[in-house]
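These notes concern the structure reproduced below.
The values are calculated or read from the model by the stated rules, or taken from the named source; none is laboratory data. Keep in mind the model is a prediction, meaning the values are calculated, not measured. No Cβ is skipped: glycine too gets one built from the backbone with ideal geometry, and neighbour counts run over all protein chains shown.
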Amino acid sequence: MKTEAFGKRGFVRGVLGSAVVAGLLAASVLATQNQIVVPVGTTTLPTMGKGERHPEIHRGIELLERAKEILKDKAARDFVGHREKAVEHIELALKQLRECLAVDKK
């Protein structure tokens, strides 16, 4: 995936935007099961400890992993393949976020 056109910040924003969409999809799946779950404080990032690097990326990884878990384990049906495709996109986003962290450690 080319990131030069948008820069690193634009890329990270795009990945985090995908996380938000995945979270909203997961919430809608839960709502269809009469289980509405609203995470407390989802608009703020947790304190990751003094000196933690890239708390937004770590939080994005956490949210994507949770959304993937919800879609794989609790979704009532496949939605004509769209649920499976959403899980694939979440896995790609997770891979990209982990690569961001790996590149920054070098």
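Contact map, the range 83-106: first residue within 16 Å of Ile57 (Cβ to Cβ), second residue modelled with pLDDT under 95 and polar (S, T, N, Q), Cβ cut-off under 6 Å, separation 6 or more or different chains; pairs are Ala93/Ser18. Only a single item in (1) part of a helix (DSSP H, G or I); (2) modelled with pLDDT under 60 is not met by Val37, and it is number (1).
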